[in-house]
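Just below is one structure, and these are the notes that go with it.
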């Protein structure tokens, strides 16, 4: 997605880029460094190969991550956050802090 296609509202723009469960979990897992497709599928859990592929492609198109394909048999594909992707760390940290607080206060 091009920046010019994003909504004018900054909150809505952020939600457009990361506004689903799978993208947020992919970001969480890539914050620790480069991951292969199979590693992401296992760590995200419950996501189908088709959905994970679609989410990764969308995130690559948005400039949140890069995809590197190695010319091997079988092919090896690795995903790494871009600087833009890493810039979402404070957002994820805030979500984690809020979630912990909510878990401890919810009855």
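Points to keep in mind about this one:
- Test for residue 42: is it part of a helix (DSSP H, G or I), surrounded by fewer than 13 Cβ atoms within 10 Å (Cβ to Cβ) and at pLDDT 90 or above: yes
- Residue within the range 97-104 that is touching a residue at least 12 places away in the same chain (Cβ under 8 Å) and surrounded by 10 or more Cβ atoms within 10 Å (Cβ to Cβ) present: no
- Only a single criterion out of (1) exposed (fewer than 14 other Cβ atoms within 10 Å of the Cβ); (2) touching a residue at least 24 places away in the same chain (Cβ under 8 Å); (3) part of a helix (DSSP H, G or I) is not satisfied by residue 84, namely (2).
- Within the range 45-69, being part of a strand (DSSP E or B) and crowded, with 19+ Cβ neighbours inside 10 Å holds for one residue alone: 65.
- Beta carbons closer than 8 Å, at least 6 apart along the sequence or on distinct chains, pair a first residue in the range 65-78 that is in contact (Cβ under 8 Å) with a residue 12 or more places away in the chain with a second that is surrounded by fewer than 14 Cβ atoms within 10 Å (Cβ to Cβ) and not in a strand (DSSP E or B) for 78/34.
- Looking only at the range 14-38, residues that are part of a helix (DSSP H, G or I) and either within 16 Å of residue 66 (Cβ to Cβ) or within 10 Å of the chain's Cα centre (by Cα) (or both) come to 13 in all.
The values are calculated or read from the model by the stated rules, or taken from the named source; none is laboratory data. Predicted model, so just to flag it, every value in this text is computed and none were measured. When we count neighbours, we look across all protein chains shown, and the Cβ atoms used for this are built from the backbone with ideal geometry, even at glycine.
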